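Colleague: Quick one: structure below, then a few questions.
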Amino acid sequence: MSMSKRIVVKIGSSLLADSQQLTLRYAFMHGLLSDIAKLREQGIDVVLMSSGAVALGLNAIHKSPEEAQILDKQAAAAFGQPLLLNAYKQVAHEFGFDIAQILVTLGDMEERRRFINIKNTVERLFDNGIMPIVNENDTVTTEELRVGDNDRLAAKVAQMIQADHLILLTSIDGLYDRPPHEDGAQFIEKLENVGDYLEAACGTNALGSGGMYTKLQAANMAQQAGCNTLIAEGIIDRPILSVLNGERRHTTCMAFGTPASAWKVWLTNRLQMAGSLVLNQGAAEALVRTPQPITHTDIISVSDTFQKGDILHVYDESGQEIARGLTNFSSDEVLLLARHPEASTAELLGYSAVPDVIATKNLVILNDNHLSWDAPTEDIHLVAS
């Protein structure tokens with residue numbers, strides 16, 4: 001095995017908590033932290049992405065995973081989080097290292113300054129030999145304002161720390177070309193284009209919030225940052241090292257060579273769509289040929305409500321996503337500018353500003369390696385109204 005210097009390991013609730021009793025699976029936790037201790041001894045920094053707080057707290061609020069609603073899950077997370085962290089702390093001490101907890105929200109990962117603050121916290125923990133355990137802050141998130149799965153969140157963390165490997169431990173041994181219970185299902189050992197298998201990767205379980213589909217989305221995000229993704233079964237004995245050493249079957253999603261800059265990787269890999277623009281076909285074709293600013297005269301419709309500094313998805317008139325970039329204006333301001341192309345920015349907005357809706361330096365043209373997002377079908381505001 002060619003050892004990585006940084007690894008992100010993601011484990012789901014179904015591996016940590018017994019699905020019937022909703023209690024911790026200590027045997028798995030011991031095997032997991034034993035492997036992490038060995039990696040740390042070899043000078044490797046590890047971030048652990050761990051679900052489990054909600055599952056461990058459901059008994060306390062007398063709810064099953066199937067019937068729990070968002071308020072139930074928030075309360076369960078509040079009860080289960082200290083149980084989970086106390087267990088991690090005790091087992092980690094058995095193996096001679098300490099842990100820290102970082103709870104994040106969708107906004108923390110999508111807003112650049114907060115993203116950098118989290119990165120700096122992780123780096124300082126590494127400097128002091130402490131392993132960060134990261135999870136979404138389920139006590140405060142709602143369905144509209146949450147990442148929703150730790151697979152893609154783990155990929156964002158892998159991008160953040162420039163990890164070499166993202167390891168997704170799950171309930172099956174990897175990716176198949178169709179649902180694995182179907183006759184003739186073929187195991188996929190290695191792939192580059194995850195888009196070829198998205199249709200076959202559906203489904204989730206009662207405890208988990210993701211499935212193979214979100215794992216492939218996460219793998220694509222990691223690929224953009226030059227990080228390999230390994231998808232494998234979360235077994236009890238040596239769950240990480242047996243994968244890294246190639247001792248058991250798993251799926252590897254290969255990184256795309258030299259990654260773009262950290263800024264461009266952050267721009268293009270989103271967890272949620274803040275808003276979008278549709279450009280007239282001429283402007284869209286010119287943009288793809290030669291990256292250039294997007295101006296208000298290029299825009300024929302605006303979707304969703306967004307603020308200055310949000311990342312927008314940019315489409316041509318056929319609905320093909322062509323770019324993503326950071327907006328200089330809110331959705332209301334963009335519409336006002338686009339509907340009055342003859343007026344100056346100062347006249348319309350009351351302050352002077354460069355009229356570029358998205359500047360070239362804050363824009364990334366998508367290529368075939370990016371998974372595109374479907375164009376919105378609701379909350380569309382036409383410029384010519």
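Colleague: Restricting attention to segment 224-245, which residues are part of a helix (DSSP H, G or I) and modelled with pLDDT under 95?
Modeller: So the first thing to find is which residues in segment 224-245 are part of a helix (DSSP H, G or I), and the list is 224, 241-244.
The one that is part of a helix (DSSP H, G or I) and modelled with pLDDT under 95: GLN224.
Colleague: Does GLY174 satisfy being over 20 Å from GLY226 (Cα atoms) and at pLDDT 90 or above? Show your work before the answer.
Modeller: On the way: over 20 Å from GLY226 (Cα atoms): yes; at pLDDT 90 or above: yes.
The answer is yes for GLY174.
Colleague: Of (1) surrounded by fewer than 19 Cβ atoms within 10 Å (Cβ to Cβ); (2) on the phi > 0 side of the Ramachandran plot, PRO82 satisfies all except one. Which?
Modeller: For PRO82, the failing item is (2).
Colleague: Another question, if that's okay. Which one of the conditions (1) at pLDDT 95 or above; (2) not assigned by TED's automatic domain parsing to the domain that holds SER344 does GLY257 fail to meet, given that it meets all the rest?
Modeller: (1)
Colleague: A further question on this structure: Confirm whether ALA338 is part of a helix (DSSP H, G or I), touching a Ser or Thr at 6+ places or on another chain (Cβ under 6 Å) and small (Gly, Ala, Ser).
Modeller: Numbers: part of a helix (DSSP H, G or I): yes; touching a Ser or Thr at 6+ places or on another chain (Cβ under 6 Å): no; small (Gly, Ala, Ser): yes.
So ALA338 does not fit the description; no.
Colleague: List, please: which pairs have Cβ atoms under 9 Å, are six or more places apart or on different chains, and start with a residue in segment 58-74 that is in contact (Cβ under 8 Å) with a residue 24 or more places away in the chain and end with one that is assigned to a helix (DSSP H, G or I) and of a type in the set (Phe, Trp, Tyr)?
Modeller: LEU58/PHE79; ASN59/PHE79
Colleague: Hey, does segment 116-135 have a residue that's in contact (Cβ under 8 Å) with a residue 60 or more places away in the chain, under 16 Å from ILE11 (Cα atoms) and not hydrophobic (A, V, I, L, M, F, W, C)?
Modeller: There is at least one residue in segment 116-135 that is in contact (Cβ under 8 Å) with a residue 60 or more places away in the chain, under 16 Å from ILE11 (Cα atoms) and not hydrophobic (A, V, I, L, M, F, W, C).
Colleague: For segment 312-357, how many residues are within 16 Å of PRO293 (Cβ to Cβ) and hydrophobic (A, V, I, L, M, F, W, C)?
Modeller: The qualifying residues number 12.
Colleague: Could you check, for segment 364-377, whether at least one of its residues is within 13 Å of THR295 (Cβ to Cβ) and either assigned to a loop (DSSP other than H, G, I, E, B) or at pLDDT 90 or above (or both)?
Modeller: We begin by selecting, within segment 364-377, every residue within 13 Å of THR295 (Cβ to Cβ); these are none.
Scanning segment 364-377, I find no residue that is within 13 Å of THR295 (Cβ to Cβ) and either assigned to a loop (DSSP other than H, G, I, E, B) or at pLDDT 90 or above (or both), so the answer is no.
Colleague: Quick check on this structure: which one of ALA286, ALA262, ALA274 is of a type in the set (Gly, Ala, Ser) and without any contact (Cβ under 8 Å) to a residue 40 or more places away in the chain?
Modeller: On the way: ALA262 fails: without any contact (Cβ under 8 Å) to a residue 40 or more places away in the chain; ALA274 fails: without any contact (Cβ under 8 Å) to a residue 40 or more places away in the chain.
Among ALA286, ALA262, ALA274, only ALA286 is of a type in the set (Gly, Ala, Ser) and without any contact (Cβ under 8 Å) to a residue 40 or more places away in the chain.
Colleague: Something else about it: Please specify each residue of segment 40-82 satisfying the condition of being assigned to a helix (DSSP H, G or I) and either over 22 Å from ASP149 (Cβ atoms) or among the β-branched types (Val, Ile, Thr) (or both).
Modeller: Keep residues of segment 40-82 that are assigned to a helix (DSSP H, G or I), which gives 40-41, 53-57, 59-61, 70-82.
Result: ARG40, GLU41, VAL54, ASN59, ALA60, ILE61, ILE70, PRO82.
Colleague: Quick one: how many residues across segment 13-39 are over 18 Å from ALA232 (Cβ atoms) and not in a helix (DSSP H, G or I)?
Modeller: Residues meeting the conditions: 8.
Colleague: Test GLN90 against the criterion of being touching a Ser or Thr at 6+ places or on another chain (Cβ under 9 Å), assigned to a helix (DSSP H, G or I) and either touching a residue at least 12 places away in the same chain (Cβ under 8 Å) or surrounded by fewer than 17 Cβ atoms within 10 Å (Cβ to Cβ) (or both), and give yes or no. Walk me through how you get there before you give the answer.
Modeller: Numbers: touching a Ser or Thr at 6+ places or on another chain (Cβ under 9 Å): no; assigned to a helix (DSSP H, G or I): yes; either touching a residue at least 12 places away in the same chain (Cβ under 8 Å) or surrounded by fewer than 17 Cβ atoms within 10 Å (Cβ to Cβ) (or both): yes.
Considered against the rule, which asks whether it is touching a Ser or Thr at 6+ places or on another chain (Cβ under 9 Å), assigned to a helix (DSSP H, G or I) and either touching a residue at least 12 places away in the same chain (Cβ under 8 Å) or surrounded by fewer than 17 Cβ atoms within 10 Å (Cβ to Cβ) (or both), GLN90 comes out as no.
Colleague: Going by the structure shown, is ASP72 buried (at least 17 other Cβ atoms within 10 Å of the Cβ), at negative phi, among the acidic types (Asp, Glu) and modelled with pLDDT of 95 or more? It would help to see each step written out before you state the result.
Modeller: On the way: buried (at least 17 other Cβ atoms within 10 Å of the Cβ): yes; at negative phi: yes; among the acidic types (Asp, Glu): yes; modelled with pLDDT of 95 or more: no.
It is false that ASP72 is buried (at least 17 other Cβ atoms within 10 Å of the Cβ), at negative phi, among the acidic types (Asp, Glu) and modelled with pLDDT of 95 or more.
Colleague: While we're looking at this one, here's another question. Check every one of the helices (runs of 4 or more DSSP H) wholly within segment 97-171 and list those with 1 or more residues that are over 28 Å from GLY31 (Cβ atoms).
Modeller: Numbers: elements: 106-110, 112-127, 150-161.
Helices (runs of 4 or more DSSP H) meeting the threshold: 106-110, 112-127.
Colleague: Okay, next question. For residues that are buried (at least 18 other Cβ atoms within 10 Å of the Cβ) and of a type in the set (D, E, K, R), scanning just segment 265-305, find the one that is modelled with the lowest pLDDT.
Modeller: Ranking the candidates gives ARG270 first.
Colleague: Now for a different question. Based on this model, can you work out whether ILE311 counts as hydrophobic (A, V, I, L, M, F, W, C), modelled with pLDDT of 95 or more and over 21 Å from the mean Cα position of the chain (by Cα)? Full working, then the answer.
Modeller: Numbers: hydrophobic (A, V, I, L, M, F, W, C): yes; modelled with pLDDT of 95 or more: yes; over 21 Å from the mean Cα position of the chain (by Cα): no.
Spelling it out, it is not the case that ILE311 is hydrophobic (A, V, I, L, M, F, W, C), modelled with pLDDT of 95 or more and over 21 Å from the mean Cα position of the chain (by Cα).
Colleague: Turning to a different aspect of this structure: Confirm whether MET254 is touching a His at 6+ places or on another chain (Cβ under 8 Å) and surrounded by fewer than 21 Cβ atoms within 10 Å (Cβ to Cβ). Before the answer, list the steps.
Modeller: On the way: touching a His at 6+ places or on another chain (Cβ under 8 Å): no; surrounded by fewer than 21 Cβ atoms within 10 Å (Cβ to Cβ): yes.
For MET254, the condition - touching a His at 6+ places or on another chain (Cβ under 8 Å) and surrounded by fewer than 21 Cβ atoms within 10 Å (Cβ to Cβ) - is not met.
Colleague: Output the residues belonging to segment 93-107 that are over 22 Å from the mean Cα position of the chain (by Cα) and either more than 20 Å from LEU32 (Cα to Cα) or of a type in the set (Asp, Glu) (or both).
Modeller: Selection gives GLU94, ASP98.
Colleague: Further, regarding this structure: Could you identify the single residue in LYS63, LYS73, LYS89 that is of a type in the set (Lys, Arg), under 13 Å from ASP138 (Cβ atoms) and in the same structural domain as LEU24 (by TED's automatic domain parsing)?
Modeller: Numbers: LYS63 fails: under 13 Å from ASP138 (Cβ atoms); LYS89 fails: under 13 Å from ASP138 (Cβ atoms).
It is LYS73.
Colleague: Among the numbered criteria (1) assigned to a helix (DSSP H, G or I); (2) charged (D, E, K, R); (3) under 18 Å from ASN150 (Cα atoms); (4) modelled with pLDDT of 95 or more, which single criterion is violated by LYS10?
Modeller: The single condition LYS10 does not satisfy is (1).
Colleague: Taking only pairs six or more apart or across chains, which ones have beta-carbon atoms under 7 Å, a first residue in segment 296-315 that is at positive phi and in contact (Cβ under 8 Å) with a residue 40 or more places away in the chain, and a second residue that is buried (at least 23 other Cβ atoms within 10 Å of the Cβ) and part of a helix (DSSP H, G or I)?
Modeller: Taking only residues 6 or more apart or on different chains, the pairs are ASP304/SER331.
The values are calculated or read from the model by the stated rules, or taken from the named source; none is laboratory data. Source: prediction; values computed, not measured. Please note: Cβ atoms are built from the backbone with ideal geometry, for glycine as well, and neighbour counts cover all protein chains shown.
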